[in-house]
Amino acid sequence: MEGMPMTIKPRGEPNLAIRFGAATTRSLNEIAKAGTVSTIKLETRHLSVKYRDFTAVRDISLSFPERQVSALIGSSGSGKSTLLRAINRMHDTNPAASVEGQVLLDKQPVYGAHVDPIVIRRRIGMVFQRPNPFMKSIYDNVAYGLTFSTKLSKREIHDRVEEALRGAALWDEVKDRLDDSALALSGGQQQRICIARALAVQPEALLMDEPTSALDPIATLRIEELMRELVKRYTIVIVTHNMQQAARVSDITAFMTMGSDRAGVLVEVGPTSRIFTNPTDPRTEDYITGRVG
Amino acid sequence: MRTEISADSRRIRLGRQLQHGDLIFWIVALLFAVLVVVLLGAIIAVTWSGSADARHAFGWHFLTTTAWNPVSGQFGALPAIYGTIVSSIIALLFAAPLGVMIAIFLNSLCPAKLRMPIGMMVELLAAIPSVVYGMWGIFVFIPFFRSYISTPLSKTVGSALPLFSGPVNVGRGLLVAGIILAIMILPTIAAISRDVLAVVPNSQREAMLALGATRWEVIRHAELPYARAGIVGGMMLGLGRALGETMAATMVIGNTPKIHASLFQPATTAASLIASQLPNANTDLHSSALIYLALVLFLITLVANSIARALVWRVSRTGSGA
Ligand SMILES: Nc1ncnc2c1ncn2[C@@H]1O[C@H](COP(=O)(O)OP(=O)(O)OP(=O)(O)O)[C@@H](O)[C@H]1O
Ligand SMILES: [Mg+2]
C-alpha cells in the first residue's frame, strides 16, 4: 500500500466522481433489472466531515435506495461511522466536528437552514455498535422515545411498544416481563431492545453502526434476519466489518478506504452481488478477498 | 496432619501473594485501617463517659425537653436538635437544586473556555474559612436579608404564616443560618454532581439523542438518572457538613436555645451551642450536658449518613431507581 498513493492521488479525486456516477447508473439499472425499482431515500452529495483540521471523510456521494439495505464496508478508520453519523446529524453536538456538502432525505436537505436536527433524528433512527439500553425496564426503554417526543395516550404508547417489540422480533421473549430491567437481558436481546426503541419512534430509515459486532453468531443471525424483515418497511444503512454479513443482508454495498492523507474516501458502490463477485476496483477486490484490512 | 498441610499451603499462597514490598504495604494499610476504628471507638468512649452525669440526670427526656438553663441545671436538647436539623434541611433545600444546576451548566451548557474558571471558582467557595462566611453573613447578608426578605415577608404573609412572622430586627436566625450553610455546602454538591455527570457514558447520551431528544431531554432523561446515585451521595455529604458546621452557624444563628415557629427568629444548633457554652460551662452537669449533646449530634450525623448510604445503595442497585 505504501507505494500506491503516488499513482492514485493525481487522478484519484476527479475520477472518483466519474466512477461513482457510472456506478450509480449501473447499480440503478441492475436494480431495475431485478424488478425492485426503488426511489432514493437518502443521499449524500460531496459530503466531507472534519474533526477540527483532520478530514475524516472526503467528498462522499452516495445514494441509498428506499426499502433496501445498504452496507458500508471498509477498513478501520476509513470513516464509515463518521459518514453514518453525518446522515442523522449526530455530529451536531460535537463542536470539533464540521460537515460540508449535502445530505438529502427525500430530496430535502438535512443540513438546511431551517431544518430541526431533532426532527431529522426522529425520522432517521440509529442503532449503535454496543447495545446501549437505558437503566430502565424493558417497557420503559422502548416507550422512552415516545414519552417525551409525542403526546400519545398511555393506550397508544402501549400499542406502539408492542408493535415495536414485535417488529424487533422480541415480543414473545419479553412480553411476560416487560417490567424487568433491560440490563438483565442478553446482549442480543439488548440490541433488539435498542432496535425496538428506534422503531417505536416510527422512523423512515435506520442507521446501524456495526450492530452485531458485540454479539455471538446466533444473536447475529437473528439480527440479520430481522434486518431482512425490517427492510420491507424501512430504508437501512449498515456499517459492518463482516463481509459475510454484508453479502447476506445488503442489497447495495459501498466500499470505503483511507486515502493518502488518512481521509476516508469512497472507492466503489454497487449491488452487493456485483461488488462481491465482480468488483471493478482492485482495492475492493483486495479488501473483500481479505488481502487488506 | 491434614489441617496442618492445608494451613501450610494457605500460608505459602498468602506468602506468594504478599511478596517483598507487598507485605510491608499490607501491614501499613492494615495499621491505618485499625487506627480509624480505634479513633472512632475512642471518640464514642469519651463522649459516652463524659456525658454520664447528664445521661443519668435526664435520660431520654434530654431529647424531648426544651428547657436549657445552666443556672437552674435544666438541660433539654430539643431546641438544639431542632435547630440543627431545620437549618441543615434549609441548606440542602437551597443548595441541592442550585448545585445540580451548576453541575449541569458546567458539564453540558457552558462554553469550553469558561468551564475551567467557573468550575474552579465554585470549588474555591469550599476553601473559604467558615469564619469568613460568618463575617460575611453578619456584615453583608443579614442587613440585606432584613431589608429585602424578612421585613417584607413578615409584613405581608407573616400574620397568616407563622413560619415568616416577625419580629425581624434581630436579623440572626434559622433561615439566615440555613442560607449561609447552603452557600457553604454548594461547592460540595456542585463538584460531586459535576464529576458524576461527566462520567455518564457517551453511549447513554447518544442513545437519547438518536431518539430525537433535545439537549434538555438528554440531560433530564439520560444524564441525571444515570448520575442520580452519585448526586444523592453529594447531597448527603453536603448535609453532613451542614449538620456539623459550627463557626458560621454560631455567628449567624443567634444562639438562643428556643424553638420558634418563625424561621426569622434566633435559634441554635447543637454544634454552635457546644462551641459557645463549653468554654464557660462552670458546673459539671453543664459540661456533661454539652457532651451529651455532642453524642446526640454524632448520632444524628450517623443516621443521616446511614440514610445516604441506604439511598445510594438502593439507587445504584436498581439503576435509575425511577
Ligand atoms: N470524535 C472524533 N474526534 C476526532 N477524530 C475522530 C472522532 N471520531 C473519529 N475520528 C477519526 O476519524 C477517522 C474515522 O473514524 P471512524 O470512526 O469514522 O472510522 P470507522 O471507519 O468507523 O472505523 P471502525 O471500523 O474502526 O469503526 C479516524 O481516524 C478517527 O480517529
Ligand atoms: Mg466505526
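Values quoted throughout were computed directly from the atomic coordinates according to the rules given, and no laboratory measurement underlies them. Note that the structure is a prediction, hence the values are computed from the model and not measured. Here Cβ is always computed from backbone atoms with ideal geometry, including for glycine, and neighbour counts include all displayed protein chains.
I'd like the FRET efficiency for A:TYR51 and B:LEU30, computed as 1/(1 + (r/R0)^6) with the beta carbon distance as r and R0 of 30 Å, rounded to 0.05.
Computed FRET efficiency for A:TYR51 and B:LEU30: 0.05.
May I ask you to evaluate 6.51 cos²θ - 1.76 cosθ + 1.60, the Karplus curve with θ = phi - 60°, for each residue of the stretch B:182-187 and list the ³J(HN,Hα) values in order in whole Hz, giving x for glycine and proline?
4, 4, 6, 8, 4, x
Over the whole of A:84-93, what's the average partner chain Cβ count within 10 Å per residue? Rounded to a whole number, please.
2
Take peptides B:146-159, B:229-242 and line them up by average Cβ neighbours within 10 Å, highest first, as a rough protection proxy.
Top to bottom by mean Cβ count within 10 Å: B:229-242, B:146-159.
Students often get this wrong, so check it: of A:LYS175/A:LYS232; A:LYS107/A:LYS232; A:LYS41/A:LYS154, which have C-alpha atoms separated by over 27 Å?
As for pairs spanning more than 27 Å Cα to Cα, those are A:LYS41/A:LYS154.
Taking neighbour Cβ counts within 10 Å as the exposure measure, how do A:VAL174, B:VAL176 sort from fewest upward?
A:VAL174, B:VAL176
In peptide A:125-135, what is the residue-averaged number of other protein chain Cβ atoms found within 10 Å of each Cβ?
Per residue, the number of nearby Cβ atoms from other chains is 5 on average.
Would you pull out the residues with amide H under 5 Å of B:GLN74's amide H, same chain only if 5 or more places away, H placed 1.01 Å from N?
Counting only residues 5 or more places away or on other chains, the set is B:ASN69.
In the stretch A:210-293, what trypsin sites (Lys or Arg not before Pro) fall in a loop by DSSP, with at most 16 other Cβ atoms inside 10 Å?
Answer by residue number: A:LYS232, A:ARG233, A:ARG262, A:ARG291.
How much space per residue, in cubic angstrom, does the convex hull of the C-alpha atoms of chain A take up?
With only Cα atoms used, chain A gives 135 Å³ per residue.
Mind ranking B:96-107, B:161-172, B:287-298 by how tightly packed they are, going by the mean number of other C-beta atoms within 10 angstrom, highest first?
Going from most to least packed, we get B:287-298, B:96-107, B:161-172.
Can you list the residues, at least 5 places off or on another chain, whose amide H is less than 5 Å from the amide H of A:VAL231, using H built in the peptide plane?
Correct list: empty.
If you count, for each residue, the other Cβ atoms within 10 Å and average over each peptide, how do B:131-139, A:128-136, A:39-47 line up from highest to lowest?
A:128-136, A:39-47, B:131-139
List the trypsin sites (Lys or Arg not before Pro) within the stretch A:156-214 that DSSP assigns to loop and that have no more than 13 neighbouring Cβ atoms inside 10 Å.
Passing sites in the stretch A:156-214 are A:LYS175, A:ARG177.
Counting only DSSP beta bridges with both residues in the stretch A:34-288, tell me the antiparallel percent, nearest 5.
For the stretch A:34-288, the DSSP antiparallel bridge percentage is about 60.
Along the stretch A:46-56, what does the Karplus equation 6.51 cos²θ - 1.76 cosθ + 1.60 (θ = phi - 60°) give for ³J(HN,Hα), rounded to whole Hz, x for Gly and Pro?
Once rounded to whole Hz, the list reads 6, 7, 10, 10, 10, 9, 6, 8, 8, 7, 8.
Just checking the output field for A:104-116: average partner chain Cβ neighbours within 10 Å of each residue's Cβ?
Counting Cβ atoms of other protein chains within 10 Å of each residue's Cβ and averaging gives 0.
In the protein assembly as shown, what percentage of the DSSP-assigned beta bridges are antiparallel, given to the nearest 5?
60 percent
Once the other residues with Cβ under 15 Å from the Cβ of B:PHE62 are scored (Lys, Arg +1; Asp, Glu -1), what is the net sum?
0
Give me the number: length gained by fully extending B:MET116 to B:LEU299, i.e. 0.36 nm times residue separation minus the C-alpha to C-alpha distance, one decimal in nm.
Length gained between B:MET116 and B:LEU299: 62.1 nm.
What number comes out for the charge environment of A:ARG222, summing +1 per Lys or Arg and -1 per Asp or Glu over other residues with Cβ under 12 Å away?
-3
Which cross-chain or sequence-distant (5 or more) residues have an amide H under 5 Å from the amide H of A:MET126, H modelled 1.01 Å from N in plane?
A:LEU207
By the scheme Lys and Arg +1, Asp and Glu -1, what is the net charge of all other residues having a beta-carbon under 12 Å from that of A:ARG45?
-2
Could you give the dipole magnitude of chain B about its Cα centre, charging the beta-carbon of Lys and Arg +1 and that of Asp and Glu -1, in debye to the nearest 20?
My answer is approximately 580 debye.
Could you derive backbone 3J(HN,Hα) for the stretch B:78-85 from the dihedral phi with the Karplus parameters 6.51, -1.76 and 1.60 (θ = phi - 60°), listing whole Hz in sequence and x where the residue is Gly or Pro?
3, x, 5, 5, 4, x, 4, 5
Taking neighbour counts of Cβ atoms within 10 Å as a proxy for exposure, in what order, fewest first, do A:LYS151, A:LYS50 appear?
Fewest-to-most Cβ neighbours within 10 Å comes out as A:LYS151, A:LYS50.
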